[in-house]
Amino acid sequence: MTEDDYMEKVSFIVETDGLLRDYITSVVIKDIKSRIDDKRFVRISSNHIHAALLLKTIAPCSLKDFAAVMRLSKSSASALVERMVEKKIIERQPNQDNRREILLSVDVEFEKHVVFVRKELSAWFASLLDDLGPEAFEKWYAVMQQLNTVMLKKIRKNSM
């Protein structure tokens, strides 16, 4: 494979990932959000839900790790965290091993909503994967497992 072919395939993956992410944020999460009977969801953006889903995956974590996962600067992540703390989506607690560090996690009462959203997203993905067939599903799953491992290592490495 030539360098141009390789980069063209990489670009396609990036564009498709962006399309998938944008569709999930603008259509799927908005639909899920509309079906949750909790007044807090009126004030919560799809970005906050996305952030809570990511945080649930890596929590407890530092602000630096959260910023890396969200692809934000530390100051932007800090502002986002502040808004999410005010809305009782996430909570901050001191790290027992390093009292100068604050760890972030999803608010205990809000966690049930994150679990619901994740379940609904999984159902949406299952319907998408049904259209791809079992062989494509297994290949995608294997690639995503590897990608998850690599990304979590990078996030943890970059936060040190």
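All of the numbers you see were taken from the coordinates with simple rules; none came from a lab. As the structure is a prediction and not an experimental result, all values here were calculated from the model. We place every Cβ from the backbone using ideal geometry, glycine too, and count neighbours over all the protein chains shown.
Here are the numbers for the structure shown:
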read-out	value
Ratio of the Cα radius of gyration of segment 109-150 to 2.2 N^0.38 Å, where N counts its residues	1.42
Estimated D of segment 25-118 in µm² per second, where Rh is the Kirkwood radius over Cα pairs and Stokes-Einstein applies at 4 °C, 1.567 mPa s	96
Nearest-ten-degree value, helix 3-23 long axis tilted from longest Cα axis of the chain	50
Ranking of S73, S78 by count of other Cβ atoms within 10 Å, fewest first	S73, S78
Phi-based couplings in Hz for segment 139-150 (Karplus 6.51, -1.76, 1.60; Gly and Pro marked x)	5, 4, 4, 4, 5, 5, 4, 5, 4, 4, 4, 5
Highest to lowest packing among 81-91, 59-69, 115-125, scored as the average C-beta count within 10 Å	59-69, 81-91, 115-125
Positive dipole terminus of segment 1-110, leading residue within S62, S76, N95 (C-beta point charges)	N95
Cross-link partners of K56 among aspartates and glutamates (Cα-Cα below 14 Å; sequence separation of 8 or more within a chain)	D65, E91, D107, E109, E111
Per residue convex hull volume, Cα atoms of segment 73-160, in Å³	143
Computed over the chain: relative contact order in percent, which uses C-alpha pairs under 8 Å that are six or more apart	22
Inter-part distance where segment 36-90 and segment 120-137 are each reduced to a Cα centre, Å	27
Equivalent ellipsoid dimensions for the chain as semi-axes, Å, which come from the Cα gyration tensor, largest first	29, 22, 14
Kirkwood hydrodynamic radius (C-alpha pairs) into Stokes-Einstein, segment 11-50, 4 °C and 1.567 mPa s, D in µm²/s	118
The chain, helix-only ellipticity at 222 nm - DSSP H runs n ≥ 4, -39,500 (n - 2.57), divided by all residues, nearest 500	-22000 deg cm²/dmol
Kirkwood hydrodynamic radius over Cα pairs of segment 81-132, then Stokes diffusion coefficient at 10 °C and 1.306 mPa s, in µm²/s	121
